[in-house]
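Novice: Pasting in a structure now, in structure tokens, and then I'll have a few things to ask.
The values are calculated or read from the model by the stated rules, or taken from the named source; none is laboratory data. Being a predicted model, the structure only gives us computed values, none of them experimental. Glycine also receives a Cβ, built like all others from the backbone with ideal geometry; neighbour counts cover every protein chain displayed.
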Amino acid sequence: MDHASTTPMAEEVTVAICKAFRDTFGNASSPHSFGRAAKAALEGAREEVASLIGATAEEIYFNSGGTESDNTAIKGVAMTNQNEGRHIITTSIEHPAILEPCRYLERQGFKVTYLPVTSEGIIRIEDLVSAIRKDTTLISIMHANNEIGTIQPIEEVGKIAKEMDIPLHTDAVQTAGKIPVDVNEMKVDLLSISSHKLHGPKGVGALYIRKDIEIEPFMNGGGHEAGLRSGTENVPGIVGLAKAAELTKKEMPHDMIRLAQMRDGIADFVLDRIEDSWVNGHRTKRLPNNLNLGFRYIEGEALLFRLDAKGVAVSTGSACSSKKTEASHVLTAIGLKPEDAHGSLRITLGRGNTNEEAEFAAQTIVESARQLRDMSPFRR
């Protein structure tokens with residue numbers, strides 16, 4: 001139950017990748033028949049991924065994953081437009097793949113505004129409007145948070161960005177394949193996708209760039225991916241991403257309802273039985289598969305290891321920063337004290353989880369939390 005960290009590859013994806021390794025091994029840039037076959041597979045995949053987010057194939061650029069997509073979007077737009085302005089707006093709860101490129105740009109003389117969020121993890125539109133300056137050349141706000149699952153009002157942000165003629169990027173790594181994503185309805189100009197978050201292979205991702213957006217290439221070389229990302233394309237991995245996108249489009253309507261019911265069932269069961277516990281983030285404006293619980297007087301990692309020993313895999317936050325010992329920047333941004341932030345537990349459900357597993361997990365969380373509470377020196 002840690003699908004926000006990664007997802008198991010769907011069987012159909014594994015089959016598609018193996019077939020591509022065997023039959024489509026050519027270099028997509030080669031003019032002979034083997035290269036043309038690889039090129040056809042590549043362009044077919046581009047069409048499939050584009051259809052997942054309401055884009056056109058020409059607006060999809062393949063790469064190594066969400067981190068590269070975020071870096072390309074942030075640094076590429078910033079450097080392209082630096083003569084017009086050097087101010088960027090983002091939020092205080094972004095993934096490190098956004099925050100670190102922004103900090104890098106700050107060291108290069110750019111200015112970055114980090115919007116605060118409410119106690120439920122949502123930005124205030126008035127804060128965004130107040131932050132916009134004449135020299136603002138990029139807004140980057142994640143579609144949904146990877147730790148607490150809160151969904152941001154991207155459509156409203158998109159309207160404002162369009163009115164002010166400012167490019168808008170959104171990190172949709174946690175939403176593409178989980179909830180409907182349409183780049184035109186959201187009015188976003190750039191959007192990041194990661195394959196391994198939607199039952200595809202690791203090491204593959206995509207960046208959507210609206211046709212009229214100019215961006216400085218992040219990778220230079222032979223001019224692959226329309227010059228934006230040089231390097232011979234990973235055709236089997238890209239085929240796997242496309243198959244995962246195809247499957248998730250079919251499964252999403254059913255999965256959204258089923259996983260939300262399981263999520264709420266776990267939350268209700270645990271909150272009813274463990275005092276001084278709560279849900280981090282908005283209770284309803286969140287991803288259908290994401291549940292972040294807070295427990296007072298309990299160390300989240302101790303709870304995680306007890307659950308792991310009983311066969312339940314969860315997280316205390318973002319797997320990308322799991323080796324860090326400081327409190328989650330997301331949880332402190334929503335107002336939690338560090339000691340309460342350390343008592344968090346992230347449960348992220350996936351397509352393969354069953355109702356029986358959800359019930360077992362809920363019972364195991366309650367049992368383990370009670371045991372840890374009984375041993376806590378901080379509870380009086």
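Novice: Looking only at region 100-130, which residues are free of Cβ contacts under 8 Å to residues at least 40 places away in the same chain and charged (D, E, K, R)?
Specialist: In the first step, residues of region 100-130 are kept if they are free of Cβ contacts under 8 Å to residues at least 40 places away in the same chain; the result is 100-115, 123-130.
Scanning region 100-130 gives 100, 103, 106, 107, 111, 124, 126, 127.
Novice: Can you name the helices (runs of 4 or more DSSP H) wholly within region 268-357 that have at least 3 residues being under 22 Å from the mean Cα position of the chain (by Cα)?
Specialist: Ranges flagged: 329-333.
Novice: Could I ask something else about it? Among 93, 166, which is the only one that is surrounded by 15 or more Cβ atoms within 10 Å (Cβ to Cβ), assigned to a loop (DSSP other than H, G, I, E, B) and over 18 Å from the mean Cα position of the chain (by Cα)?
Specialist: Working: 93 fails: over 18 Å from the mean Cα position of the chain (by Cα).
Checking each option against the conditions leaves just 166.
Novice: Out of all the residues in region 170-206, which are over 13 Å from the mean Cα position of the chain (by Cα) and either surrounded by 24 or more Cβ atoms within 10 Å (Cβ to Cβ) or under 30 Å from residue 133 (Cα atoms) (or both)?
Specialist: 182, 183, 184, 185, 186, 187, 188, 189, 190, 199, 200, 204, listed by residue number.
Novice: Output the number of the condition that residue 232 fails; it satisfies all remaining conditions of (1) in contact with a strand residue (DSSP E or B) (Cβ under 9 Å, 6 or more places away or on another chain); (2) surrounded by fewer than 22 Cβ atoms within 10 Å (Cβ to Cβ); (3) in the same structural domain as residue 214 (by TED's automatic domain parsing).
Specialist: (1)
Novice: From (1) in the same structural domain as residue 185 (by TED's automatic domain parsing); (2) small (Gly, Ala, Ser); (3) farther than 25 Å from residue 218 by Cα; (4) touching a residue at least 60 places away in the same chain (Cβ under 8 Å), pick out the condition that doesn't hold for residue 5.
Specialist: Unmet for residue 5, out of (1) in the same structural domain as residue 185 (by TED's automatic domain parsing); (2) small (Gly, Ala, Ser); (3) farther than 25 Å from residue 218 by Cα; (4) touching a residue at least 60 places away in the same chain (Cβ under 8 Å): (1).
Novice: Condition check: touching a Phe, Trp or Tyr at 6+ places or on another chain (Cβ under 6 Å) and of a type outside the set (Gly, Ala, Ser). Does residue 259 satisfy that?
Specialist: no
Novice: Criterion first (over 25 Å from residue 20 (Cβ atoms), basic (Lys, Arg), surrounded by fewer than 18 Cβ atoms within 10 Å (Cβ to Cβ) and modelled with pLDDT of 95 or more) does residue 249 satisfy it? Step through it out loud before you land on a result.
Specialist: On the way: over 25 Å from residue 20 (Cβ atoms): no; basic (Lys, Arg): yes; surrounded by fewer than 18 Cβ atoms within 10 Å (Cβ to Cβ): yes; modelled with pLDDT of 95 or more: yes.
Taking the combined requirement at face value, the residue does not satisfy it.
Novice: Out of 316, 325, which single residue is loosely packed, with under 14 Cβ neighbours inside 10 Å and modelled with pLDDT under 95? Reasoning before the result, please.
Specialist: Details: 316 fails: loosely packed, with under 14 Cβ neighbours inside 10 Å.
That would be 325, the only listed residue that is loosely packed, with under 14 Cβ neighbours inside 10 Å and modelled with pLDDT under 95.
Novice: Does region 267-274 contain at least one residue that is out of contact with any helix residue (DSSP H, G or I) (no Cβ under 6 Å at 6 or more places or on another chain) and of a type outside the set (A, V, I, L, M)? Talk me through it step by step, then tell me what you get.
Specialist: First pass over region 267-274, keeping only residues out of contact with any helix residue (DSSP H, G or I) (no Cβ under 6 Å at 6 or more places or on another chain): 267-268, 271-272.
Filter once more, so that each one left must be of a type outside the set (A, V, I, L, M): 268, 272.
Yes, because at least one residue in region 267-274 is out of contact with any helix residue (DSSP H, G or I) (no Cβ under 6 Å at 6 or more places or on another chain) and of a type outside the set (A, V, I, L, M).
Novice: Let me ask another. Quick check: anything in region 101-122 surrounded by fewer than 16 Cβ atoms within 10 Å (Cβ to Cβ) and on the phi > 0 side of the Ramachandran plot?
Specialist: Checking region 101-122: at least one residue is surrounded by fewer than 16 Cβ atoms within 10 Å (Cβ to Cβ) and on the phi > 0 side of the Ramachandran plot.
Novice: Just one of 46, 36 is out of contact with any helix residue (DSSP H, G or I) (no Cβ under 9 Å at 6 or more places or on another chain) and either among the basic types (Lys, Arg) or buried (at least 21 other Cβ atoms within 10 Å of the Cβ) (or both); which is it? Walk me through it before giving the result.
Specialist: Values: 46 fails: out of contact with any helix residue (DSSP H, G or I) (no Cβ under 9 Å at 6 or more places or on another chain).
From the options 46, 36, the qualifying one is 36.
Novice: Answer yes if at least one residue in region 138-152 is over 28 Å from residue 278 (Cα atoms) and more than 15 Å from the chain's Cα centre (by Cα), and no otherwise. Steps first, answer last, please.
Specialist: To start, the set of residues in region 138-152 that are over 28 Å from residue 278 (Cα atoms) comprises 138-140.
From what's left, more than 15 Å from the chain's Cα centre (by Cα): 138-139.
The answer is yes; a qualifying residue exists.
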